[in-house]
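Written out below as structure tokens is the structure these notes cover.
Just so it is clear, none of the values below were taken in a lab; they were calculated from the coordinates. What you are looking at is a predicted structure, and each value in this text was computed from that prediction instead of being measured. For neighbour counting, all protein chains shown are included, and Cβ atoms are generated from backbone atoms with ideal geometry for every residue, glycine included.
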Amino acid sequence: MAGYDDTVPVFGRPPATDRTDYLRTMFEDYFRHPPEFYVRVPGRVNLIGEHVDYCGYPVLPMALEQDVIIAVRGTVEPTLHIINRNPSYRDYVGPINELHTSHGTKPEWYEYIMCGIIGAAEMAYPDSTPRGITLAVCGTIPPAAGLSSSSALVCAAALAYLHDNEVKLSKMQMAMLCARSERLIGTAGGGMDQAIAFLAEEGCASYISWNPLSSTPVSLPQEAVFVVAHSLVEANKAANNVFNDRVQSCTIAAQIIAQSHGLEDDPITGRLTIAKVQNLLGVDLDKMRELVAALPITVGNLKIRDRATHVIEEAIRVEQFRSVCANLKDCGDWESVLGNLMRSSHRSLSELYESSHDVLNEMVRLSDEFGVHARVTGAGWGGCIVALLPRSKVESYVQMLITTFYSRSSLARGCDTNQLVFVTAPHRGALIYGAT
Ligand code: ADP
Ligand code: NG1
């Protein structure tokens, strides 16, 4: 068992905010008891390193202010009961030992909670009927927008269940458990979202690498600001196959390179990834560039060469981004160096990985015209762009997006633009608040 310092911190009462006050009242009104504690898990914005985590390459995200908070109380009856502050997410109640998720269609919102509970209950009660739990959920992360709202739900549910059952795992163990648990929804994500949800540190981004999982703080240029802007196109990645198709293309790319070098797919260490093949071959990313250039264009109806080329070039960009941040004194013009990496990332996601969207491309183009570098962030096919700019340009940039994009979009009518386009700062990872 990991030492206490490695575990998710537990604080006293939550700060008195409208949200926790509202959640407490809602919980008491509905369940006739007060909650025993609260968990809070942030969303995230990935600065660079898109669609590379499931290939085994490092990523560079930071946690957002927007989060999921759950008010929690354990129950003797073996029942899972979930309510949501937002009435458009309907209540769920059912036996806790019969939880399952449906695949192939857009999941119900509470299935993400179930993923977290299934993973946590298997850990807490490997051989007996799990104890029940009641949860009241309130989330502020824009859903299906590439800012990890689904993982915040999964991570918060697992954390709530384990804390209620006095199981203490390290943040690393939590991140790995939740990455496995979220795959029950049917998407083969790599673990970035769950890792940053637990390992994020206030004030810096994180360079997250795999096998073994590790997170290193990355200080960003003091003058740099990251602005997130929603395209108003929602894209639920569990509702269709586009995400898993990309994972499959990358696995096939890894298998082809492995086979052509006489390497065996190792059933013990799990799915073969491009990074694992690189490691087995003992070559650097430049050599991998040559190897992916020789891949077939397609296998069946899956594109292989372009997908793998994106992965290797994006992995190189992550290393360059991190290196610029580590050597800021030697790098006068961070804005254009980091900005160009973001711009190349976007072009690659749009052209090679085909995970962008016309509206996102238009927002990136508008940003470019304004002299700001931006890219699609998260899974894509909708969702948000993240833009890098100096503090001095923030106000005029946001105004430009409002005038040229949001005020012309019928989808933005009636929306609070502060929730659609906002400045981010790196926040801390998950935590627990007692209710007394
Ligand atoms: P993301 O990129 O935000 O993780 P996903 O498509 O993976 O996008 O997950 C989005 C889904 O998560 C939503 O369709 C909804 O089912 C669920 N979800 C997100 N936020 C909330 C919330 N505040 N309350 C309930 N469910 C939510
Ligand atoms: P979002 O943006 O939360 O849908 C998904 C995956 C990540 C990563 C990114 C693309 C999940 C839970 N998340 O994130 O692991 O692959 O896409 O970089 O599957």
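Compute the FRET efficiency between residue 280 and residue 21 as 1/(1 + (r/R0)^6), taking r as their Cβ-Cβ distance and R0 = 51 Å, and round to the nearest 0.05. Numbers along the way, then the final one.
Values: r = 55 Å, r/R0 = 1.07.
Result of the calculation: an efficiency of 0.40.
Sort 415, 384 by Cβ crowding within 10 Å, fewest neighbours at the top. Please list the in-between numbers first.
Values: 415 13, 384 28.
With the sparsest Cβ surroundings first, the list reads 415, 384.
Just name one of 147, 403, 63: the one whose Cα is farthest towards the positive end of the charge dipole of the chain (beta-carbon charges, Lys/Arg +1, Asp/Glu -1).
Farthest towards the positive pole: 403.
Give the distance, in whole Å, between the Cα centre of the range 270-305 and the Cα centre of the range 94-132.
About 36 Å separates the Cα centre of the range 270-305 from the one of the range 94-132.
Fewest Cβ neighbours within 10 Å first, please rank 403, 79 accordingly. Display every interim value, and only then the final one.
On the way: 403 11, 79 15.
Result, fewest neighbours first: 403, 79.
Would you mind calculating the relative contact order of the range 334-414 from Cα pairs under 8 angstrom and at least 6 residues apart, reporting the percent as a whole number? Don't skip to the answer; put the middle values down first.
Working: 80 pairs, mean separation 21.0, N = 81.
Here the relative contact order equals 26 percent.
Taking the Cα-to-Cβ direction at residue 241 and at residue 368 and moving 7 Å from each Cα, how far apart do the two end points lie in nm?
3.2
In percent, how large is the relative contact order of the chain, given Cα pairs closer than 8 Å and 6 or more residues apart? Intermediate values should be presented prior to the final figure.
Numbers: 883 pairs, mean separation 107.9, N = 436.
With pairs under 8 Å counted, the relative contact order is 25 percent.
How do 204, 325 rank when sorted from fewest to most other Cβ atoms within 10 Å of their own Cβ?
With the sparsest Cβ surroundings first, the list reads 204, 325.
Among the lysines, which have Cα under 21 Å from the Cα of residue 106 when same-chain residues fewer than 8 positions away are ignored?
Qualifying lysines at Cα under 21 Å: 237.
Ignoring everything except DSSP H segments at least 4 long, calculate the 222 nm mean residue ellipticity for the chain; use -39,500 (n - 2.57) per segment, divide by total residues, nearest 500. If you can, show how the numbers build up before the last one.
Values: 13 runs with 169 residues, N = 436.
Roughly -12500 deg cm²/dmol at 222 nm, from the helical runs in the chain.
Plugging the Kirkwood radius over Cα pairs into Stokes-Einstein for the chain, at a temperature of 4 °C and a viscosity of 1.567 mPa s, what D comes out in µm²/s? Display every interim value, and only then the final one.
Details: Rh = 22.4 Å.
Translational D for this selection: 58 µm²/s.
Let me make sure I get this right: for the range 283-383, a, b and c are the square roots of the gyration tensor eigenvalues over alpha carbons, sorted descending. Under 1.5 in a/c it's rounded, otherwise prolate if a/b > b/c, else oblate. Which is it? Write down the numbers at each step before the final one.
On the way: a/c = 2.93, a/b = 1.21, b/c = 2.42.
In terms of gyration-tensor shape, oblate.
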